[in-house]
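Asker: First, the structure itself, so that you have it in front of you.
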Amino acid sequence: EAGVAQSPRYKIIEKRQSVAFWCNPISGHATLYWYQQILGQGPKLLIQFQNNGVVDDSQLPKDRFSAERLKGVDSTLKIQPAKLEDSAVYLCASSPGLAGGWGNEQFFGPGTRLTVL
Amino acid sequence: SQKIEQNSEALNIQEGKTATLTCNYTNYSPAYLQWYRQDPGRGPVFLLLIRENEKEKRKERLKVTFDTTLKQSLFHITASQPADSATYLCALENGNNRLAFGKGNQVVVIP
């Protein structure tokens with residue numbers, strides 16, 4: 001079974017530039033998550049999709065971050081414009097569980113390491 | 001406010017000994033608690049899940065306990081090996097198939 005794919009693996013940009021990350025979840029997984037992991041911290045949920053609908057985006061800084069999951073499969077996360085404090089690893093995860101469910105493990109991709117200069 | 005606390009200091013342990021990690025939480029009422037392993041440059045990998053009505057769960061050399069009265073989970077690695085060196089993350093299920101992670105605890109197993 002193929003895992004969660006993410007690209008690019010690394011990205012370096014100047015502040016105020018824009019950047020986009022791509023995620024392809026495990027086939028058949030209805031739920032997709034984007035997390036931000038700052039060095040030395042645990043992953044922090046940014047947005048949760050079920051199929052192509054948003055379940056929770058309460059921690060997404062919507063003035064600069066946007067995400068979509070067209071057709072309920074692949075997803076992209078965009079930052080525009082980037083700030084220095086956005087430097088982090090952006091992790092995508094998928095789960096076979098649905099919103100309202102419990103006890104489902106999440107499968108993580110390798111992440112994209114973003115450096116904002 | 002809600003908090004999930006894991007020891008920020010790395011745990012250095014001799015090979016063959018048991019490593020024990022603690023996860024304490026406040027202002028949560030999780031029905032489930034999960035543990036993940038994260039290696040440098042990689043995403044977290046699921047290890048174990050325990051329900052609130054389970055006191056203990058085992059998988060090979062791993063053991064997890066969950067005490068909802070103390071609001072604490074303990075994670076044990078028995079007969080530790082250098083390959084067990086990694087960061088271990090505690091995660092509370094927050095409803096809607098959603099996880100809230102602690103910041104992780106690094107384990108270093110010394111040969």
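Asker: Within segment A:66-99, can you find the residues that are hydrophobic (A, V, I, L, M, F, W, C) and either open to solvent by 10 Å² or more (accessible area, probe 1.4 Å) or within 24 Å of B:Tyr36 (Cβ to Cβ) (or both)?
Answerer: Passing the criteria: A:Ala67, A:Leu70, A:Val73, A:Leu77, A:Leu84, A:Ala88, A:Val89, A:Leu91, A:Cys92, A:Ala93, A:Leu98, A:Ala99.
Asker: Do we have A:Gln37 as in contact with a strand residue (DSSP E or B) (Cβ under 6 Å, 6 or more places away or on another chain) and not basic (Lys, Arg) here?
Answerer: When the stated conditions are applied, A:Gln37 passes them.
Asker: Check off (1) open to solvent by less than 10 Å² (accessible area, probe 1.4 Å); (2) in a loop (DSSP other than H, G, I, E, B); (3) of a type outside the set (S, T, N, Q) for A:Asp63 and give me the number that stays unchecked.
Answerer: Every listed condition holds for A:Asp63 apart from (1).
Asker: Additional query: So is A:Pro43 within 14 Å of another protein chain (Cβ to nearest Cβ), surrounded by 14 or more Cβ atoms within 10 Å (Cβ to Cβ) and under 16 Å from the mean Cα position of the chain (by Cα) or not? If you could, list the steps in order and put the result at the bottom.
Answerer: On the way: within 14 Å of another protein chain (Cβ to nearest Cβ): yes; surrounded by 14 or more Cβ atoms within 10 Å (Cβ to Cβ): yes; under 16 Å from the mean Cα position of the chain (by Cα): yes.
Answer is yes for this residue.
Asker: Please return the ranges of strands (runs of 3 or more DSSP E) entirely within segment B:33-111 where 3 or more residues are open to solvent by less than 50 Å² (accessible area, probe 1.4 Å), touching a residue at least 12 places away in the same chain (Cβ under 8 Å) and more than 30 Å from A:Asn51 (Cα to Cα).
Answerer: Details: elements: B:45-51, B:56-59, B:62-67, B:72-77, B:86-93, B:99-101, B:105-110.
Answer list for segment B:33-111: B:62-67, B:72-77, B:105-110.
Asker: Report yes if some residue within segment B:21-42 is on the phi > 0 side of the Ramachandran plot and of a type in the set (Lys, Arg); otherwise report no.
Answerer: Checking segment B:21-42: not a single residue is on the phi > 0 side of the Ramachandran plot and of a type in the set (Lys, Arg).
Asker: Report, by residue number, each residue of segment A:69-117 that is within 14 Å of chain B (Cβ to nearest Cβ), of a type in the set (D, E, K, R) and assigned to a loop (DSSP other than H, G, I, E, B).
Answerer: A:Glu105
The values are calculated or read from the model by the stated rules, or taken from the named source; none is laboratory data. All values reported here derive from a predicted model rather than from experimental measurement. When we count neighbours, we look across all protein chains shown, and the Cβ atoms used for this are built from the backbone with ideal geometry, even at glycine. To get the accessible areas, we keep the full protein, side chains included, count just its heavy atoms, and leave off ligands, DNA and RNA. Shrake-Rupley method; radii C 1.70, N 1.55, O 1.52, S 1.80 Å.
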